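Visitor: If you scroll down you'll find the structure; I have some questions about it.
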Amino acid sequence: MKHFVYADNSATTPISDEVLTAMLPYLKEGYGNASSIYSKGREAKQALEAARQTAADCLGAQPGEIYFTSGGSEADNWAIKGAAAAGAKKGRRHIITTAFEHHAVLHTVQALEKQGFEVTYLPVGRNGIVDPEDVKKAIRDDTCLVSVMYANNEIGTIQPIAQIGAICRERHVWFHTDAVQAVGNVPIDVVKENIDMLSLSGHKIHAQKGIGVLYLRRGIVLENLIHGGAQERSRRAGTENVAAIVGLAKAMELACSSIEEKQKKLIPLRDKLITELCKIERSHLNGDPTRRLAGNVNISFEGVEGESLLLMLDMNGICASSGSACTSGSLDPSHVLLAIGLPHEVAHGSLRLSLDWCNSQEDVDYILEVLPQIIQRLRAMSPLWERIKKENIDYGI
Ligand SMILES: *Cc1c(COP(=O)(O)O)cnc(C)c1O
């Protein structure tokens, strides 16, 4: 029988049975518009508000602080553009973020740079973790926003969010975190961690694509990103996608109540892959070995081309990623891997395996059976590998 291993769960996940079951009634007979006053509408409204409560509970937030969006990207855009506009009104046009954010954050702050905002990109070091001291040093009187992701989507490193939150609160600077990869992997409490704004996405935790949340701490008012009707307390227009919202709440409930169990399952699988793959000559683990997501493996193989590696894995039924899905189709190596100091040549030969509930010990064994042979074959055809060996190139990593 042909093996199939889905090891790209940081790119997206399938909708779980529980989530689909929760959604179905609202796709069928419960189709009412949540703004309508007859009972079909009110039923939809009730489901919407119950979902808001569930989402809030998962984050330690209040339901009035939860706004449903079309996904992680919209939540990031809204938080950042909104905070920038609020800052600009007070003459504060400086934003702090990191060099290895998701493009939903990076491209948004880059767009703001074109409008005259100044952006500080904090370094993340070889281990892929932001130093809170760097945040402290970067804050200025005109800083209007600090945005640091909770967990990196490529190398899985988990950031000291509570420490950064405390620093921002002390300096009265709004703190946003893109927690798309963290939800269900790390316990989150927006109050204890002094988080002012938080983005999350449904499809990374077994809900559907096109739904997400922006948490906005009470008292923070952002300019609307989407104008129109009075939905989401007049702050985010558009007829509510009740089925998707109900599904997202169910997914959050399941994800947030199973963090320990997930870690118990995935960490041994992750560490087995890391240990065995790092035995391959001239391979390097990217990101901190322990302060990383339970399912994240990211390794660079010198003398290997990432795209070819992905194609060969695919021929063997293994779905993985090199850099991030958003960069495929582009020849630039991942900005995340460059940010942690990998030379271009090495960054090009990187592989991300992201495990989740669907993965088993058998999957790991199969990957370990197939992957080393593929690397050997690719290296045998690689002029770069020949040069690395002949000149004994030392990349210093
Ligand atoms: C996937 C992802 C996003 C984008 O979320 P969408 O719902 O796909 O828009 C943003 N940030 C991170 C870290 C992600 O992994």
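Visitor: Comparing I374, I340, I95, which has the greatest mean-square fluctuation in the GNM of the chain with Cα pairs linked when under 10 Å apart?
Guide: I374
Visitor: Here's a follow-up. Indicate the helices, whole DSSP H runs only, in the chain that combine a mean Kyte-Doolittle hydropathy of -0.5 or more with a Cα extent along their long axis of 24 angstrom or more.
Guide: Helix filter hits for the chain: 72-89, 361-380.
Visitor: Continuing with this model, one more query. Springs between alpha-carbon atoms under 10 Å, Gaussian network over the chain: tell me which of I274, I155, I80 tops the mean-square fluctuations.
Guide: Per the Cα network of the chain with a 10 Å cutoff, I274 tops the list.
Visitor: I would also like to ask the following. With a sphere of radius 10 Å drawn around the Cβ of T69, what net charge do the other residues whose Cβ falls strictly inside it have (Lys, Arg +1; Asp, Glu -1)?
Guide: Every neighbour counted, the sum reads -2.
Visitor: How are the C-alpha pair distances of the stretch 145-242 spread across 5 Å bins, as whole percents from the shortest bin up?
Guide: 3, 12, 21, 21, 19, 15, 8, 2
Visitor: Something else about it: From the backbone phi of the stretch 136-152, what are the Karplus-calculated ³J(HN,Hα) couplings (6.51 cos²θ - 1.76 cosθ + 1.60, θ = phi - 60°) in whole Hz, Gly and Pro given as x?
Guide: Using θ = phi - 60°, the values come out as 4, 5, 7, 5, 10, 5, 9, 6, 10, 7, 10, 10, 10, 5, 6, 9, 6 Hz.
Visitor: Ok, one more. Identify all aspartates and glutamates with a Cα-Cα distance to K136 below 13 Å; exclude those on the same chain that are fewer than 8 residues away in sequence.
Guide: E170
Visitor: Sum -39500 (n - 2.57) across every DSSP H segment of at least 4 residues in the chain, then divide by the residue count to get the 222 nm mean residue ellipticity, nearest 500. Each step should come with its number before you reach the end.
Guide: Working: 14 runs with 164 residues, N = 397.
That comes out to -12500 deg cm²/dmol.
Visitor: Can you give me the accessible area per residue for the stretch 1-142, using a 1.4 Å probe, in Å²?
Guide: 48 Å²
Visitor: Can you list the equivalent-ellipsoid semi-axes of the chain, largest first and in whole Å, using the square root of 5 times each Cα gyration tensor eigenvalue?
Guide: Value: 37, 27, 17 Å, ordered largest first.
Visitor: Find how much the distance from V191 to A85 grows on full extension, using 0.36 nm per residue of separation minus their present alpha carbon separation; answer in nm with one decimal. Intermediate values should be presented prior to the final figure.
Guide: Details: separation 106, 0.36 × 106 = 38.16 nm, distance 2.42 nm.
Working it through step by step, the gained length comes to 35.7 nm.
Visitor: Could I ask something else about it? Among the aspartates and glutamates, select those whose C-alpha is under 20 Å from the C-alpha of K209, and discard any that sit fewer than 8 residues away in the same chain.
Guide: By straight Cα distance, K209 reaches D8, D17, E18, E74, D76, E154, D178, E232, E240, E253, D356.
Visitor: Which far-off residues, 5 or more places away or on another chain, put their amide H under 5 Å from the one on H102, with H placed in the peptide plane?
Guide: For H102, no residues qualify.
Visitor: Okay, next question. Here is the link list: K81/K204; K204/K265; K272/K390. Which ones come out longer than 20 Å on Cα distance?
Guide: K81/K204; K272/K390
Visitor: Going through the stretch 188-266, which trypsin sites (Lys or Arg not before Pro) have at most 11 other Cβ atoms within 10 Å and a DSSP loop state? Intermediate values should be presented prior to the final figure.
Guide: Numbers: sites: K192, K204, K209, R217, R218, R233, R235, R236, K250, K262, K264, K265; in loops: K192, K204, K209, R217, R218, R235, R236.
Answer by residue number: R218.
Visitor: Tell me, what % of the accessible area of the chain is carbon and sulfur with a 1.4 angstrom probe? Don't jump to the answer; show the numbers that get you there.
Guide: Details: 8970 of 16940 Å².
Using a 1.4 Å probe with all protein chains present, the chain comes out at 53 percent carbon and sulfur.
Visitor: What is the antiparallel percent of DSSP beta bridges lying wholly in the chain, to the nearest 5?
Guide: Within the chain, antiparallel bridges account for around 55 percent of the total.
Visitor: Next up: Go ahead and set up a Gaussian network model of the chain, Cα springs under 10 Å, then flag whichever of G349, G219, G87 fluctuates most.
Guide: Answer for the Gaussian network model of the chain: G219.
The values are calculated or read from the model by the stated rules, or taken from the named source; none is laboratory data. Please read all numbers here as calculations on a predicted model, not as lab measurements. Glycine also receives a Cβ, built like all others from the backbone with ideal geometry; neighbour counts cover every protein chain displayed. Just the protein is used for accessible areas: all its heavy atoms, side chains included, with ligands, DNA and RNA removed. Shrake-Rupley method; radii C 1.70, N 1.55, O 1.52, S 1.80 Å.
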